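Report on the structure given below.
The values are calculated or read from the model by the stated rules, or taken from the named source; none is laboratory data. Note that the structure is predicted; figures quoted are calculated from it, not measured. Because the Cβ atoms are built from the backbone with ideal geometry, glycine has one as well, and the counts that use them run over all protein chains shown.
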Amino acid sequence: MIRELTVLSGKGGTGKTSITAALGSFAKNAIFTDCDVDAADLHLLFNPDILETHAFEGGTKAEIDPDACIGCGICQDACRFDAIKRTDHGWFEIDSLHCEGCRLCERLCPESAIFSIRSMNNQWFVSDTRFGPLVHARMGPGEENSGKLVTTVREKAREIARSKNYNIIINDGPPGIGCPVIASLAGIHKILLVAESSESGYHDLLRIIELISKYDVDIFGIINKFDVNAGISERIVSILQSNNIKITGKIPFDKKFVEAMVQGKTISEYAPGSAIVKVIRNTWEMISS
Amino acid sequence: MKTIITANGSDVNATLDPRFGRCEFFCILDEETGETEFIENKAKLQSSAAGTTAAETVIEQGVKKVISGDFGPKAKSLLDRFGIQMVILKDEGQIIANVINSITGK
Amino acid sequence: MPRRKSPRKIVAPPVFKGYKPFGSSKVCDGEVELLYEEYEAIKLADYDLMPHHEACHLMGISRATFARIYESARRKIASAFVEAKTIKTVYGNVYFDENWFRCNDCENAFTIPNPRIKRICPVCRSQSIQLMNSTGSTNNK
Amino acid sequence: MSFKITVASGKGGTGKTTVATNLYWSLVKNFDNDTLLVDCDVEEPDDLLFFKNAILRSEVKVTQAVPEINTSKCTYCRKCVEYCEYNAITVIPPVQYASIAPDLCHSCGACLYACQDDALIEKDHEIGLMSGYDVGFGKGLLEGRLKIGSAAQTPVIRRVKKEALDAASVILFDAPPGTSCSVVTSVLDADFVIMVTEPTPFGLHDLKIAVELIREMDLPFGVVINKAGLGDRAVYDYLEDEGIDILEEIPFNEEYARKFSEGMILSRIDKNYAIHYQKIIRKILEFKQQ
């Protein structure tokens, strides 16, 4: 049976990607996905050989043919996104940054002067890495991160896992609590929360716990940079415990993480004997048992 | 009684499609006569809510049973609401003809 | 947006849509949304006085998940009492009678959405079927 | 017209919130008391944590209009389904079933035009909360907060930005991380964008994508390098090659890190630290006068 683990943090920059990558050294027969399609970084440590590149359809945007527009303004009145502006010449044009692609203007235009263009800015990749296959993506700037790309990446990973008999999928999750996070949770079995010892880390942790408590999955927690603020770390421990989340370890603040990153290595490769790596190995053993 | 089986192709030699909402074809089976008809799943390329649209098709076809590899939550609640039985097959690679044989008891 | 929360079983939904405080000097502001599964957790644990390990089994969820739901329910009710808020019951992450079953012979999973359907396995016709009490049934293939 | 500054960053955790809150303090103290801070990171609004004495001044539910189908009027013609680009509407004529999924609805109003039978009525659907706070100095903090489980980031951001419009002479927006449409919504119409990065490979990679976006939007911007001293020089090389202004470098220091972790506005108590923000403000003012 294929098990799926998603690593989440709520707040950005807690060390989620570094820790996901470090798990790569211990996970056997695993396949990875980078679900943080908005700011995908896992590939910087995994140094993938890209085997397949696919375009992924983004949203549609409206455009107005200036020669056909008669300047009646029906489209502007109907648009709820303030995406239609009158030009100096009295005709209309679309502000593509505001347009959400609902195509209402296209349907209402009496002159059929409006048409839609689908953006193909998003891409996703299947790659080979030293830790196993990686499915990752690059979202075009300004695209709607609706979770569809995350779902596509995860579906592809499952397909590979099924056909090549991988038994675990490890997903590097996106930050926040919105749509992409929800997409990275569908049908998973385990969650690893990476908490950071700071006031904002604590608050974002509360919000992510509230979101994931609706799912019936095994939840684990690891505290990063725990020595930055001992008081907050204690509060994190007690909130994890009161929510029945198993704590797998605490990692001190260490510049080694950044040094490893600069060399394009995981912490397990850069400092294999260090105390941090011991914590990560322990984390992996707890999660995989 | 009519049953729908999600299929990867448009004949009985195709395999079971493990996805409900995004399957390639629906195989409509008449369990009494053993006759089959294949229709394309128009929801498969839909960017969102494919499961709901696929469930719509199933309900419109008036079937009482759907056989697939998985059902999403929205599809499930819709099918439940209209009293349609869902079956999840453990082995996903099965050939449709075999699935038909096992449920018709041949 | 696919959002797969594994469903919990509810024996019976609450017979009310909500509660309102009365006699409060201030105008009642705000409401808490009590999910059906939270109502069920309180009912089983504090009304039926069922031990938690049985209650979680009945709801088809793990002990830890039951504890989370129960805790959340108590906090919501407490905050409604103290802050004079309305309690609204909302359809949460639950299913009622259309449970998933598993055949003991061929191990395929299926639902029995209405009582007229025979309680046998639709694939191999075995009568040896059981309710799946482990949740997330449709995911764990 | 108010002067609008947006603090953004490609990568999360680079110190965007730290920069935004410290800059707010410095703007109020050294430039204009009539400055408002707006937290647009509606998924994880954390600016408030830096203001221990904040007093809630106003609280408004942010709603989105989602249509409901009145099945007694509906003729199951499916015209609304055809008009909905987001697949939010399900209509099954043979069994007379019709419903709209609020989580997929973008509230574009197309289905209302589609319906000939007057069967659709819009109802308010709660997607978040907008709160205004007095923080003891300046114009205060306006915060948008997404309801947990909701997916409608951009409508919440739009609502908050509308509220902030011309509410102060300087408005400082704290944008969400990344480069998705919610970032675009936050950054839109800014007079100046401050991009916060850190000198690490992750920081650089995400900065490049963010620069691409801001350039596409044709907005003036500069970069603040936070946690300087960690990592390598690749970020500096990139900025030099691209001819991008470094507004300021803020060194990494474990003592600072501890104080930020407690949600402290360090500029208030540490003069050496405050200088960095005075420099940033000076550079932005130079730009404004050009």
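Being in contact with a Leu (Cβ under 8 Å, 6 or more places away or on another chain) and surrounded by fewer than 23 Cβ atoms within 10 Å (Cβ to Cβ), is that true of even one residue in region D:223-231? No; the residues of region D:223-231 include none that is in contact with a Leu (Cβ under 8 Å, 6 or more places away or on another chain) and surrounded by fewer than 23 Cβ atoms within 10 Å (Cβ to Cβ). Listed here are the helices (runs of 4 or more DSSP H) enclosed by region B:50-106 that have at least 1 residues being modelled with pLDDT under 90 and within 19 Å of A:Gly187 (Cβ to Cβ): B:50-60, B:73-81. Could you count how many residues in region A:165-187 are more than 10 Å from chain D (Cβ to nearest Cβ), in contact with a helix residue (DSSP H, G or I) (Cβ under 6 Å, 6 or more places away or on another chain) and in a loop (DSSP other than H, G, I, E, B)? Number of matching residues: 1. Of the strands (runs of 3 or more DSSP E) entirely within region D:78-147, those holding at least 2 residues that are within 28 Å of B:Lys76 (Cβ to Cβ) and either hydroxyl-bearing (Ser, Thr, Tyr) or without any contact (Cβ under 8 Å) to a residue 60 or more places away in the chain (or both) occupy D:89-92, D:97-100, D:120-134. D:Leu247 satisfies every condition listed in (1) touching a strand residue (DSSP E or B) at 6+ places or on another chain (Cβ under 8 Å); (2) closer than 25 Å to A:Val228 by Cβ; (3) surrounded by 23 or more Cβ atoms within 10 Å (Cβ to Cβ) except (2).
B:Gly69 satisfies every condition listed in (1) more than 14 Å from B:Pro18 (Cβ to Cβ); (2) in contact with a Pro (Cβ under 9 Å, 6 or more places away or on another chain) except (1). Scanning region D:188-213 for residues that are part of a helix (DSSP H, G or I), within 8 Å of chain A (Cβ to nearest Cβ) and under 17 Å from A:Gly264 (Cβ atoms) returns D:Pro201, D:Phe202, D:His205, D:Asp206.
Screening A:Lys225 with (1) touching a residue at least 24 places away in the same chain (Cβ under 8 Å); (2) out of contact with any Gly (no Cβ under 8 Å at 6 or more places or on another chain); (3) of a type in the set (D, E, K, R) gives one miss only, at (2).
Quick check on this structure: which one of D:Glu163, D:Glu240, D:Glu255 is more than 8 Å from chain A (Cβ to nearest Cβ), under 23 Å from D:Gly144 (Cβ atoms) and part of a helix (DSSP H, G or I)? Talk me through it step by step, then tell me what you get.
Working: D:Glu240 fails: under 23 Å from D:Gly144 (Cβ atoms); D:Glu255 fails: under 23 Å from D:Gly144 (Cβ atoms).
After ruling out the rest, the residue left standing is D:Glu163.
So is A:Phe81 farther than 30 Å from A:Arg158 by Cβ, among the aromatic types (Phe, Trp, Tyr), in contact with a Cys (Cβ under 8 Å, 6 or more places away or on another chain) and within 14 Å of chain D (Cβ to nearest Cβ) or not?
Working: farther than 30 Å from A:Arg158 by Cβ: yes; among the aromatic types (Phe, Trp, Tyr): yes; in contact with a Cys (Cβ under 8 Å, 6 or more places away or on another chain): yes; within 14 Å of chain D (Cβ to nearest Cβ): yes.
It is true that A:Phe81 is farther than 30 Å from A:Arg158 by Cβ, among the aromatic types (Phe, Trp, Tyr), in contact with a Cys (Cβ under 8 Å, 6 or more places away or on another chain) and within 14 Å of chain D (Cβ to nearest Cβ).
Yes or no, residue by residue, for (1) part of a strand (DSSP E or B); (2) over 12 Å from the mean Cα position of the chain (by Cα); (3) modelled with pLDDT of 90 or more; (4) not assigned by TED's automatic domain parsing to the domain that holds D:Cys40:
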| residue | (1), (2), (3), (4) |
| --- | --- |
| D:Gly149 | no, yes, no, no |
| D:Thr154 | no, no, yes, no |
| D:Ile157 | no, no, yes, no |
| D:Ala167 | no, yes, yes, no |
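A search for C-beta distances below 8 Å between a residue of region B:70-99 that is touching a residue at least 60 places away in the same chain (Cβ under 8 Å) and any residue that is among the basic types (Lys, Arg), counting only pairs 6+ apart in sequence or on different chains, returns B:Glu92/A:Arg162; B:Glu92/C:Lys141. Scanning region B:1-21 for residues that are part of a loop (DSSP other than H, G, I, E, B) and out of contact with any Ser or Thr (no Cβ under 9 Å at 6 or more places or on another chain) yields B:Met1, B:Ser10, B:Asn13, B:Ala14.
The set of residues from region D:66-82 being under 33 Å from the mean Cα position of the chain (by Cα) and either buried (at least 16 other Cβ atoms within 10 Å of the Cβ) or outside the structural domain of D:Ala110 (by TED's automatic domain parsing) (or both) comprises D:Val66, D:Pro67, D:Cys80, D:Val81.
Within region A:59-79, if we keep just the residues that are part of a loop (DSSP other than H, G, I, E, B) and closer than 25 Å to A:Asn122 by Cβ, the residue that is modelled with the lowest pLDDT turns out to be A:Gly59. For residues that are under 16 Å from D:Ile209 (Cβ atoms) and away from chain D (no Cβ under 12 Å), scanning just region A:124-145, find the one that is surrounded by the most Cβ atoms within 10 Å (Cβ to Cβ). The residue in question is A:His136. Of A:Leu45, A:Leu51, all but one fail to be in a helix (DSSP H, G or I) and in the same structural domain as A:Thr266 (by TED's automatic domain parsing); the exception is A:Leu45. Go through A:Lys190, A:Lys214 for me and flag whichever is on the phi < 0 side of the Ramachandran plot, without any contact (Cβ under 8 Å) to a residue 60 or more places away in the chain and either facing chain D (nearest Cβ under 9 Å) or in contact with a helix residue (DSSP H, G or I) (Cβ under 7 Å, 6 or more places away or on another chain) (or both). From the options A:Lys190, A:Lys214, the qualifying one is A:Lys214. Sort out which residues of region A:254-273 are more than 24 Å from the chain's Cα centre (by Cα) and surrounded by fewer than 17 Cβ atoms within 10 Å (Cβ to Cβ), and write them in order of number. Hits for region A:254-273 are A:Lys255, A:Lys256, A:Pro272, A:Gly273. Across region C:9-44, the number of residues qualifying as part of a strand (DSSP E or B) and either at pLDDT 75 or above or over 26 Å from A:Tyr215 (Cβ atoms) (or both) comes to 7. Every condition in (1) buried (at least 24 other Cβ atoms within 10 Å of the Cβ); (2) touching a Phe, Trp or Tyr at 6+ places or on another chain (Cβ under 6 Å) holds for D:Val28 except the one numbered (1). As a summary of the residue check, A:Arg107 satisfies the conditions (1) of a type in the set (Lys, Arg); (2) touching a residue at least 24 places away in the same chain (Cβ under 8 Å); (3) within 11 Å of chain D (Cβ to nearest Cβ) except for the one numbered (2).
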